[in-house]
Amino acid sequence: MISVLRRISASASASTSRFLNLMSSSPPPPPPPSQRLAALAQQLRLYKPPPPDSEDAEEERIEEAAGKVVSQVGFPESATPIAGDHRERFTPKRAAVLICLFEGDDGELRVILTKRSSRLSTHSGEVSLPGGKAEEGDKDDGDTATREANEEIGLDPSLVNVVTVLEPFLSKHLLRVIPVIGILTDKKAYKPIPNPAEVEAVFDAPLEMFIKDENRRDEEREWLGNKYIIHFFDYEAGNKKYLIWGLTAGILIRAASVVYERPPAFLEQSPKFRVPRMVNEDTVMP
């Protein structure tokens, strides 16, 4: 009898040990989002891009039918209508970038950024948001942005909660870029793995800096007789200095304005110039 009880006890101990080993080898469940991130996700899901603003309603109606674009300096697509006598619709290739937000150690919202490889043919060495061109298998812009982020910096799409998209921007090389806002609730679960062919460095910055007037400068430029402003943000992380400007700065200014629900503390001065509707593969915006 005692021998039987010992065998039963030993068997139960072995089963318990196997169960504990199985539990210890399974990854822990992700932590629930903080109240702030949960509230932010709910706020952003309700976001609707503003309607285009125009002084000439009839011109607006005509140009709306033809499509609208902006320059690489980072203005919302609705800011700069396409002009011209032709009515063929301008259809640039589509791309998406990921504005991945998370809470820093001090509770501030931060955004993941990259420094592009110096070996790339376009925008080499510049700071950008992870992202790229849409592919046939992508379900939507969120799928494009998270897939590209996974390829560029090893960010698992399952870690990102996509909550909204912003109005389109147009890049210097005539890509229609859709900013996708996603929330990373468990920052510790993400270990950056930059793809050396595309990314030189991965870092993060406080999102709110893009609506503040600190560490910012600007340049007034002119094209086709119209003046506009390009913004430059200087940022230092890990003893490295980064310059964030152009399209990336413009998208982040817009994203920060939406997240914090207030305009930037500086003049944006969107351009009023018109770009040609008829373009070819060699057309590049200034």
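No value in this document is a laboratory result; all are computed from the given coordinates. Values in this document were obtained by computation on a predicted structure and should not be read as measured data. Every residue, glycine as well, gets a Cβ built from its backbone with ideal geometry; the counts of neighbours run over all protein chains shown.
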Seminar exercise, completed: In whole angstrom, the spacing between the Cα centers of the range 231-257 and the range 141-179 equals 17
For this session: With a 10 Å radius around each residue's Cβ, average the other Cβ atoms per peptide and rank 138-144, 97-103, 245-251, highest first.
Result: 97-103, 245-251, 138-144
For this session: Treat the count of other C-beta atoms within 10 Å as a stand-in for reagent exposure and order 228, 47 from fewest to most.
Result: 47, 228
Problem set entry | residue 42 versus residue 151: modelled label distance in nm, points set 7 Å from Cα along the beta carbon direction | 3.7
